[in-house]
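> Structure incoming, see below.
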Amino acid sequence: MQMPTASQRAKYIEIFILTLATIFASIELGLCIHERININDLAGSSATERLDYIIFCSGWTIIFCIVWILAALMVNSGILASPTPHIVYFVFTAVLWLAAGFLWRDETKDNGCDFGHDMCGTNKTIQGITWMQALKHVIGTITTLRKMQSDTKAKSDAIKMTGDYSDDTRYDTVYLTDRV
C-alpha cells in the first residue's frame, strides 16, 4: 500500500479541521442561543449584541465548513479545489472568531465572572470555544499553505524529472527557444 503524498495528508488534515470546526460551531451555536434566551430581558444590551455576533460566527462557520468539506471530497479541479479560496476563508473566519473571543472576554470581565457569577461556567465555555475556533482556523490556514507548498514542490520536481517546461510559468519563451 502506497503512503499518501504530503498534499493528500494536508487535504485529510484540512477535512478533519473543518469537521471539528463544524462540530464545535454547532455546540457554540446551542450554547449561545441558550444564553441568549436566558438573558432575553436585557434586549439591546451589549451582552445580547455580542451573543448575536457569536451566533452569526457559528452559523457562518457551519455553512462554509460544510461547503468546503463537500468541495474537498467531490471537486478535483476548478475554483473550489484551488487553495487560495480556502486560505481566504480560513483567514477571514479566524479574524471573525478572534473578534468574537475578544468581545466576549470583555463581556465576561464586565459581568464580574472572575469572582464567581451564576452564568460564569457557560460564559467561560463560550469564550473558550471562540478561542478554540480561532485557533483551528489559523491551523487550517497553515495547513493549506503547506499543501500549496507541497503541490508546488511536486510540480517543480516533475518538471525537473521530465524536462517538460511547457506548462511552467517560471520560464518564458526566450528560455524555451534556447532549449530547442
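The values are calculated or read from the model by the stated rules, or taken from the named source; none is laboratory data. Just so we're clear, the structure is a prediction, and the values are computed from it rather than from any experiment. Neighbour counts are summed over all protein chains in view; Cβ atoms, including those assigned to glycine, are modelled from backbone coordinates with ideal geometry. Quick note on the areas: whole protein, heavy atoms, side chains included, nothing else; ligands and nucleic acids left out. Shrake-Rupley method; radii C 1.70, N 1.55, O 1.52, S 1.80 Å.
> Kindly indicate whether ALA94 is assigned to a helix (DSSP H, G or I) and modelled with pLDDT of 90 or more.
yes
> Any residue that is among the hydrophobic types (A, V, I, L, M, F, W, C), more than 16 Å from THR19 (Cα to Cα) and part of a loop (DSSP other than H, G, I, E, B) - is there at least one of those in the range 81-88?
Yes; the residues of the range 81-88 include at least one that is among the hydrophobic types (A, V, I, L, M, F, W, C), more than 16 Å from THR19 (Cα to Cα) and part of a loop (DSSP other than H, G, I, E, B).
> Now a separate question. Restricting the range 88-105 to residues that are among the β-branched types (Val, Ile, Thr) and under 8 Å from the mean Cα position of the chain (by Cα), which is surrounded by the fewest Cβ atoms within 10 Å (Cβ to Cβ)?
The residue in question is VAL91.
> Tell me the residue from THR125, THR152, THR108 that is open to solvent by 70 Å² or more (accessible area, probe 1.4 Å), more than 15 Å from THR19 (Cα to Cα) and in a helix (DSSP H, G or I), please.
One residue alone meets the criteria, THR152.
> What are the residues in the range 53-75 that are modelled with pLDDT of 90 or more and not aliphatic (A, V, I, L, M), if any?
Residues satisfying the conditions are TYR53, PHE56, CYS57, SER58, GLY59, TRP60, THR61, PHE64, CYS65.
> Condition (residue is of a type in the set (Lys, Arg) and modelled with pLDDT under 85) applied to the range 143-152: is it met by at least one residue?
Checked against the condition, which is being of a type in the set (Lys, Arg) and modelled with pLDDT under 85, the range 143-152 yields at least one hit.
> Now, a different point. What's the number of the only condition in (1) free of Cβ contacts under 8 Å to residues at least 40 places away in the same chain; (2) out of contact with any Lys or Arg (no Cβ under 9 Å at 6 or more places or on another chain); (3) within 22 Å of THR141 (Cα to Cα) that PRO4 fails to meet?
Just one mismatch for PRO4, condition (2).
> Give the residue that is modelled with the lowest pLDDT, with candidates limited to residues of the range 6-31 that are open to solvent by less than 40 Å² (accessible area, probe 1.4 Å) and charged (D, E, K, R).
Among those that are open to solvent by less than 40 Å² (accessible area, probe 1.4 Å) and charged (D, E, K, R), it is GLU14.
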